[in-house]
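For reference, the structure discussed in these notes is given below.
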Amino acid sequence: MDSSQLLGITTFTYLFSTLLYVFLLVFKTPRLGPITTFFTVVAFLIQTAGIALRWVESYQMGIGHAPLTNMYESVVFFAWTIIALYLAIEWIFNTRMIGAFAVPLAFLAMAYASFAGNIGKSISPLVPALQSNWLIAHVITCFVGYAAFAVAAGLGIMYLLKNQSQAAGESLTAKTDHLPSLSFIDDLIHKTMIFGFIWLSAGIITGAIWANSAWGTYWSWDPKETWSLITWFFYAITLHARYTRGWAGKRIALLAILGIVSVLFTYYGVNFLLSGLHSYGSGS
Amino acid sequence: MKLINHLWAFFASVQLAILTLSSIAITSIIGTLIPQGESHAFYVDKFGAKTAMFFQILDIPAMYSSWWFYGLLGLLSANLIICSCDRFPAVWQIITADNLAIPLERVEKMSSFQQWSTSSERFDSIDWPVALATCGWRWHTKNLGKNSFSFAQKGRWSRVGVYIVHGSILIIFVGAIIGHFFGFKGSVMIPELHSTEKIYTHLNSMPIDLGFTIRNDAFGIEFYDNGMPKEYKSTLTILENGREIFQKDIKVNNPLSHKGITFYQSSYQGHQEFLMRITDTATSESRQFSLPFQQQLSWDDKNLRFGIINAEATGQRVLRAKVWFKGGEEPAITEWLTNNGIISITSGGKNYSLQVKQLYSTGLQVAKDPGVWIVYAGCGLLLLGLYMAFFLSHKRIWLYQQVTATGVSVFLAGSSNKNKPAFAKVFTRLEDLISQTIGHHDRE
Ligand code: HEM
């Protein structure tokens, strides 16, 4: 059993997990709840083992480094963090209804990592610029932030669905009345955004420190840096609109969904659509 | 006066903040779509003469240092400063307030409020502040005749969290400005065994005097088995007035600093020149020669002549070099040597060892940035402030004990500026404690 097999299995277990959560949501079968959670935890542990094994394998190849150094590894870590965050939310708030909106994101990330043709999966050695502990700190902090924003976007979709069916009247309400209340979702969107904002801030800062130790410039306005700042501003604006202008509900849900677009562009679009200095994370 | 008030209100407003932040975010996108720092010809070629002209006027090719982008950052700073000045005094008042001076009616209207009454005579002997001194609540009590009024709070400093966040952004700007005006960014190429006192700025390639000498003693590259570069390393020596101060190996991510100037490993260049070390094995006499490709040099004391007559390279990197070596009147010897490899040669009855290495220049980025520590301090404060603003809250609890005609009444009231559900739990815990104490007391 090697790491790529484990991570390949993870893709399918997350798919199955997604189906279970959607089933729970649509058919309202609470008895399936514990099994769904159990299954997701097992899938998460398989992925954890896969990541750990990949780490070990890199040492066996004599080029040991944490598995966080190219596009493939970062997408896998992104999926892992989404599930970790989601399971924490399920545990803290004791509700499984969010699963159908969060777990698919992890599945999509894993599916992309496994099947996209343009990202290399091999364990490759680190070029000198990437040999830095600040890089590891940078990747972890950024991706925890991204994962939180992804969960916030999932919650945003959930909010809009519930809101719409409530607006549509009684008959439809029944479909979503087992979802948490709108105010609960709204509050949770805010909490996950705050969580993501702190991690993204730390991510930008550790990235700046890394750049400074490698090139002597903590900020050079390269497209990747600039987009991370744009994303950061986007969430800062959202927090201000909520805190000082009282924006809530539908607007914040929409902003949470729009925010993930900016995140995806920072993370993905810049590497593949714009040319930049940021060699890290590009295809190969 | 009215105008000033209007201006003040404008600059203190969050609307302006949202507008400015949005403007910075949206205009920043331009610089990620249009390549920065290219020549005018590049833009003419890519976008046409008219558009290139338009770019020129708006400083698009260097937009992050354009007047209007600095203007937006300045607006953000002004907004932050005035907004903070506008709001901070009120916050300071809350932090330092005498909470026992507030009118009772206000306490009674708090979001969390509970009241107990009992006719028990012994009841007024309970020292509530002591009874409720759990979980770190420290009470202050004011006696008002037979009645007493107590107050406890936690996390009042969390109210400055938001101001630390906003202030830290200004601190980062200050650090960046200091770096801009009192620092420089440049680079230099130094061949092995050479030294320099000057480097050249990125901005206009002007030379800058370092005030000391830096020498490149050696440069080396290591490769992984698959051919990817593993390590670039330069051995550098700092000299002052001809005296060696210290030597350090630098690598990417591991620079050298001296007198506020930092040298970063950034590039290299392979030359068509070689370093040859010849050692007379019998006497251990050794000399290093800098040997241009296909030129003959000599070590006259030993009556030796030598040169590199051929070389095999991939790109800039020489893999093998063919040495031509002649001692005295003996026939010349030719031999292939791998880069950095050593061979032994016998000529004229004497043994020599030869080592040949391609000559490299190391490319160094050179930066002086006296503002960087201020920027880092700002970053640290930013994280601290965010933590305080998001995860800590100011919780206040009042306790009022009143002797009435029929017995004693106790009021507990409190509020929190954030995270109300968590506060509700804390409040319930105190309520339970009071109920228990009363129950316990009544049973005695
Ligand atoms: C990049 C720039 C900025 C960042 C990162 C930032 C960050 C923050 C954060 C994290 C909060 C706390 C929000 C909450 O508790 O949910 C906040 C609140 C606030 N910000 Fe900003 N801010 C920025 C710029 C500004 C500007 C330019 C203004 C100017 C008016 C401003 C005005 C405020 C105000 C009035 C509050 C509410 C404070 C309170 O009453 O507690 N912010 N900001």
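Listed values, structure above:
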| item | result |
| --- | --- |
| Most mobile listed residue (B:D217, B:D59, B:D369) in chain B, GNM with C-alpha springs under 10 Å | B:D59 |
| Rh by Kirkwood over Cα pairs, then Stokes-Einstein D for segment A:1-126 at 0.890 mPa s and 25 °C, µm²/s | 164 µm²/s |
| Rounded to the nearest 10 Å², the accessible area of B:R277 at probe 1.4 Å | 90 Å² |
| Anchor B:K322: lysines whose Cα lies under 16 Å away (excluding residues fewer than 8 positions away in-chain) | B:K357 |
| Among A:T37, A:T13, A:T217, residue whose mean-square fluctuation peaks in a GNM of chain A (springs only between Cα atoms under 10 Å) | A:T217 |
| Spin-label pair B:F181/B:V403, simplified geometry with 7 Å Cα→Cβ offset, distance in nm | 6.8 nm |
| At 1.002 mPa s and 20 °C, Stokes diffusion of segment B:1-121 via Kirkwood alpha-carbon radius, µm² per second | 110 µm²/s |
| Descending principal axes extents, segment A:61-172, alpha-carbon based, whole Å | 63, 31, 19 |
| Distance from segment B:129-182 to segment B:337-382 (C-alpha centre basis), Å | 52 Å |
| Residue among A:G117, A:G50, A:G269 with the largest mean-square fluctuation in a Gaussian network model of chain A, springs linking Cα atoms under 10 Å | A:G117 |
| Members of segment B:216-234 that become less accessible by 50 Å² or more once partner protein chains are added (1.4 angstrom probe, chain alone as reference) | B:Y224, B:M228 |
| For segment B:335-444: Kirkwood Rh in Å [reciprocal of mean 1/r, alpha carbons] | 22.9 Å |
| Whole-number D in µm²/s for segment A:127-284 (Stokes-Einstein; Kirkwood sum over Cα pairs; 25 °C, 0.890 mPa s) | 145 µm²/s |
| B:K2 paired with A:A84, simple spin-label distance in nm, labels 7 Å along Cα-to-beta-carbon | 6.0 nm |
| B:W139 accessible area, 1.4 Å probe, all protein chains in place, Å² to nearest 10 | 40 Å² |
| Normalised contact order of segment B:90-190, rounded percent, pairs of Cα under 8 Å and 6 or more residues apart | 24 percent |
| Theoretical FRET efficiency, 1/(1+(r/R0)^6), r = Cβ-Cβ of A:F27 and B:S298, R0 56 Å, to 0.05 | 0.05 |
| At least 20 Å² accessible surface lost relative to isolated chain, residues of segment B:60-91 (1.4 Å probe) | B:Y64 |
| Gyration tensor verdict on segment B:198-257 (Cα atoms; rounded if a/c is under 1.5, prolate if a/b is larger than b/c, oblate otherwise) | oblate |
| Expected-Rg normalisation [2.2 N^0.38 Å, Cα atoms] applied to the protein assembly as shown | 1.27 |
| Net dipole in debye of the protein assembly as shown [+1 Lys, Arg Cβ; -1 Asp, Glu Cβ; about Cα centre; nearest 20] | 1620 debye |
| Alpha carbon convex hull of segment B:184-368, projected area averaged over orientations, nm² | 12.4 nm² |
| The protein assembly as shown, accessible surface, carbon-and-sulfur percent (1.4 angstrom probe) | 61 percent |
| B:M206 - accessible surface, heavy atoms, 1.4 Å probe, Å² rounded to 10 | 110 Å² |
| Listed residue pairs exceeding 19 Å between alpha carbons, taken from B:K109/B:K420; A:K28/A:K162; B:K185/B:K248; B:K198/B:K368 | B:K185/B:K248 |
| Span per principal axis, largest first, for the Cα atoms of segment B:1-70 (Å) | 53, 21, 17 |
| FRET efficiency, 1/(1 + (r/R0)^6) with R0 60 Å, evaluated for B:A218 and A:W247 via beta carbons | 0.50 |
| Relative contact order of chain A, pairs being alpha-carbon contacts under 8 Å that are 6 or more residues apart, as % | 20 percent |
| Shielding by partners, peptide A:217-224 (average Cβ within 10 angstrom, other chains) | 6 |
| Volume of the Cα convex hull of chain B, divided per residue and given in Å³ | 297 Å³ |
| List B:R320, B:R159, ordered by accessible area with a 1.4 Å probe, largest first | B:R320, B:R159 |
| Residue-normalised accessible area of the protein assembly as shown, given per residue in Å² at a 1.4 Å probe | 49 Å² |
| Protein heavy-atom accessible area occluded, A/B pair - total, 1.4 Å probe, Å² | 3700 Å² |
| Solvent-accessible ranking of B:K154, A:K250, A:K224, A:K191, largest area first, probe 1.4 Å | A:K250, A:K191, B:K154, A:K224 |
| Occluded residues from segment A:108-135, i.e. those whose accessible area drops by 30 Å² or more once the chain is not alone (1.4 Å probe) | A:P125, A:V127, A:P128, A:Q131 |
| Relative contact order, percent, chain B [alpha-carbon distance under 8 Å, six or more residues apart] | 20 percent |
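The values are calculated or read from the model by the stated rules, or taken from the named source; none is laboratory data. Since this is a predicted model, take the numbers as computed values, not measurements. All Cβ positions, glycine included, derive from the backbone under ideal geometry; neighbour counts span all protein chains shown. For accessibility, only protein heavy atoms count, side chains too; no ligands or nucleic acids. Shrake-Rupley method; radii C 1.70, N 1.55, O 1.52, S 1.80 Å.
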